[in-house]
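In what follows, a structure is listed as structure tokens, so that the remarks can point back to it.
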Amino acid sequence: MPIAGLRAALGFLLFFGSIAYSDSSESMLANGLTAPELVEYLGLNGHVEGGFFRRTYASDYTLLTTDDRERLSMSSIFYLLAAESPIGHFHLNQSDIVHYFHLGDPITYYLLHPTGELETVVMGSDVRNGQVLQLTVPGGVWKASEIPSEGPHGFGLISEAVTPGFEYDDMTLGYQAQMLEAFPQHEELVKRLSHAQPRVP
């Protein structure tokens, strides 16, 4: 077969092979899973900021922070947003957090920087259209997240790696009054994605 013919045939196979791979990948990723099944299979519990989680790793190695506190060098969790709990409300962490997308519907992250700048990032598998598989949020940045209300899967699943390791003392939940005072220019977003008032124990 002439070289041109071989190239055409190879291009044909690669094109249709990529379609088949894409279809099978989507099928494999979705796999008919539901949010309640993931909660059960992964052993997840409700999270105070919304969604569901489980700590999967805590390093045995510790380090000293600049204020002489001994901390785990890293920890990691599964984190799930689902139709039953589709919003991760605004909160701020002191540690850096790296997020890794796994399964389901895209998750939109809203990042409010100390300068007041709003950054929006969509985590998901559609990298051709700008979705990302990995997202790093530095400590000191307010973060909220949500999945589409009528997404085809009804959930979005990620993992998070936190360094230094996560401690609840390092997390601040964002309440409307506090958030509106800091970010009045983002009133609509803040009201939608922050708790109205502190929860009574």
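Every number in this text was worked out from the coordinates using simple rules, so none of it is lab data. Note that this is a predicted model, so its numbers are computed, not measured. Positions of Cβ are generated from backbone atoms using ideal geometry, with glycine treated the same way; all protein chains shown enter the neighbour counts.
In the P(r) worked out for the stretch 58-162, what percent of Cα pairs fall beyond 16 Å?
61
Label the stretch 145-201 by shape, choosing from rounded, prolate and oblate, from the square roots a ≥ b ≥ c of the eigenvalues of the Cα gyration tensor; if a/c is under 1.5 it is rounded, and otherwise prolate applies when a/b is larger than b/c, oblate when it is not.
Verdict is oblate for the stretch 145-201.
Can you tell me the order of 156-163, 43-50 when each peptide is scored by its average per-residue count of other Cβ atoms within 10 angstrom, highest first?
The packing order, highest mean first, is 156-163, 43-50.
With +1 assigned to the C-beta of every Lys and Arg and -1 to the C-beta of every Asp and Glu, and no other charges, what is the dipole magnitude of the stretch 35-193 about the Cα centre in debye, to the nearest 20?
The calculation lands at about 180 debye.
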